[in-house]
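The values are calculated or read from the model by the stated rules, or taken from the named source; none is laboratory data. Only a predicted model underlies this, so the values are computations on that prediction, with no experimental measurement involved. Here the Cβ is made from the backbone with ideal geometry for all residues, glycine too, and neighbour counts use every protein chain on show. These accessible areas exclude ligands, DNA and RNA; they are computed on the full protein's heavy atoms, side chains included. Shrake-Rupley method; radii C 1.70, N 1.55, O 1.52, S 1.80 Å.
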Amino acid sequence: MSIADLPLVNKLAARIHPDYPEDDAVFAERLRLYPQGCRVLEGELGLVAYIISHPWRHLEPPPLNALLGALPSQPSTFYIHDLALAPEAQGTGAGASIVASLADHAAARGHSSMSLIAVNGSGGFWQRQGFKAVHDPLLESKLRSYGDDACFMSRTLQAPGWHPSSQQIGALYERHAAAFDRDRGKRLVERVWFERFRDVMPDGADVLDLGCGSGEPVARYLIESGHRVTGVDSSPTLIGLCRSRFPGETWIAGDMREVSLSRRFGGVVAWNSFFHLTPDDQRAMFRIFKDHADPGAALMFTSGPREGEAIGTYQGERLYHASLDAAEYEALLAAHGFSTVQHVVEDQSCGGLTVWLARMHG
């Protein structure tokens, strides 16, 4: 797309999206900020499709007809602002081809997801392109300018080089949410570690629980110990269980790799969840840990005992795990402002888990 294309782009937008008008300046700004994500498709009769996209923050879609000012320095998703196809291009596969090309572009630049707001009954098309609806209270006010039928959707991008099961973690836990809740049970066998976690963080501090599951037994223990909990999990069903059990806390259905809450916590925990991420995603998580940790905050997560991938099974399906080596974890913690308090490899007192406990510098 070039500046010369903008009059035709705006004309097609008005034709395809008459109920979602945007000023000419909106598309012009997107083109200026991220020209690589602004593309057009020419047919025999001229321009028949366009797409506008750019890096952005997950769960924070811009309002309709709003200027951005600048792109975020640390984006957490690749956002599709608009895709429009003229009637003569619809049903030809052009839309799917454009989205596939954009997904390759986003993945090559290190993005782990794409996201968008589906309107005009387009949810079915986006589902066929691998997108899934995201339902979260944080999105309600942000979707108002797009109309009552607007739906925020997200797609995980394939991480090149890692085992394919690494892309199925969220879907696996959603499929087997009831079984996981039953199998996890309510007994906190790792109580000693959470007592250490509480000893490190300030008294009564708020806790961010990344990969919170059904809230049992970890979140329950923290809540009953006097902490306010914000839990994040990719399974809407598990988050639903959390909301029904602990309605006074904050529960978010989303990908912990894309968390951007604009607030900090006295404790951050990723217990039996962090080790389901690929090594690349684990490295990227340390920025998220840092961005959400108050000075003096405690950070606790579980890893593998050694570097590499390990593929287990759950409910007859492959279950992905991975780990960096201990020296790299130490370096990542230090580089992001944490000091290691305790690290135990395959602790037999809590089922053989390898645990890291750290503190953010005060």
Net charge contributed by nearby residues that have their C-beta within less than 9 Å of Lys186 (K/R +1, D/E -1): +2
Please report, in debye to the nearest 20, how large the charge dipole of segment 164-360 is about its Cα centre when each Lys and Arg carries +1 at its beta carbon and each Asp and Glu carries -1 there. 440
Please state, as a whole number in µm²/s, the translational diffusion coefficient that the Stokes-Einstein equation yields for segment 1-51 at 37 °C and 0.692 mPa s, with Rh defined as the Kirkwood radius across alpha carbon pairs. 294
Show which aspartates and glutamates lie in cross-link reach of Lys186 when reach means a straight Cα distance below 13 angstrom and same-chain residues fewer than eight apart are skipped. Glu216
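Hey, can you find the accessible area per residue of the chain for me, probe 1.4 Å, expressed in square angstrom?
That works out to 44 Å² per residue.
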log10 I(q)/I(0) for the chain, Debye formula on C-alpha points only (no solvent), q = 0.07, 0.11 Å⁻¹, two decimals, reads -0.34, -0.78
Using the alpha carbon gyration tensor of segment 242-313, what are the three equivalent-ellipsoid semi-axes (square root of 5 times each eigenvalue), largest first, in whole Å? 23, 17, 12
List the relative contact order of segment 87-224 as a percent without decimals, with contacts defined as Cα pairs under 8 Å and 6+ residues apart. 20
Compare Ala178, Ala96, Ala327 in a GNM of the chain, Cα atoms joined below 10 Å, and give the one with the largest fluctuation. Ala327
Nearest-ten-degree value, helix 191-200 long axis tilted from longest Cα axis of the chain: 80
Select from Gly204, Gly351, Gly123 the residue whose mean-square fluctuation is largest in a Gaussian network model of the chain (Cα-Cα springs shorter than 10 Å). Gly351
The long-range amide H neighbours of Ser122, using H built 1.01 Å from N in the peptide plane and a cut-off of under 5 Å, are none
Note down the accessible area of Leu67, probe 1.4 Å, to the nearest 10 Å². 110
Which value does Rg/Rh take for segment 293-338 over its C-alpha atoms, Rh per Kirkwood? 1.12
Springs between alpha-carbon pairs under 10 angstrom, Gaussian network model over the chain: which of Asp183, Asp233, Asp104 fluctuates most? Asp183
For the chain, what is the charge dipole size about the Cα centre, in debye to the nearest 20, if Lys and Arg each add +1 at the Cβ and Asp and Glu each add -1 at the Cβ? 380
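Carbon and sulfur atoms: what percent of the 1.4 Å accessible area of the chain do they account for?
Carbon and sulfur atoms account for 51 percent of the accessible area of the chain.
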Ranked from highest to lowest mean number of other Cβ atoms within 10 Å per residue, what is the order of the peptides 214-224, 139-149, 280-290? 214-224, 280-290, 139-149
Counting all Cα-Cα pairs in segment 255-362, those more than 17 Å apart amount in percent to 52
Tally Lys/Arg at +1 and Asp/Glu at -1 over every other residue whose Cβ is under 9 Å from the Cβ of Ala219; what's the total? -1
Farthest toward positive dipole pole in the chain [+1 Lys/Arg, -1 Asp/Glu at C-beta], among Gly254, Gly296, Leu12: Gly296
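In segment 164-360, what percentage of the DSSP-assigned beta bridges are antiparallel, given to the nearest 5?
55
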Extent along principal axes [Cα atoms of segment 164-360; Å; largest to smallest]: 40, 39, 33
What ratio of Cα Rg to 2.2 N^0.38 Å holds for segment 209-271? 1.00
Percent antiparallel among DSSP beta bridges with both residues in the chain, to the nearest 5? 70
Note down the Stokes-Einstein diffusion coefficient of segment 163-266 in µm²/s, whole number, using a Kirkwood radius over alpha carbon pairs, 25 °C, and 0.890 mPa s. 172
Please list, short to long, the whole-number percent of alpha-carbon pairs of segment 97-190 in consecutive 10 angstrom bins beginning at zero. 13, 34, 32, 16, 4
Can you give the Rg and Dmax of segment 88-140 based on its C-alpha atoms, in angstrom? 12.7, 38
What does the charge dipole of segment 3-156 about its Cα centre add up to, to the nearest 20 debye, if the Cβ of each Lys and Arg holds +1 and the Cβ of each Asp and Glu holds -1? 420
At q = 0.09, 0.15 Å⁻¹, what log₁₀ I(q)/I(0) does a Debye calculation on the Cα points of segment 3-156 give, no solvent, two decimals? -0.25, -0.76
Mind checking the angle between helix 326-335 and the chain's longest principal axis? C-alpha axes, 0 to 90 degrees, to the nearest 10. 70
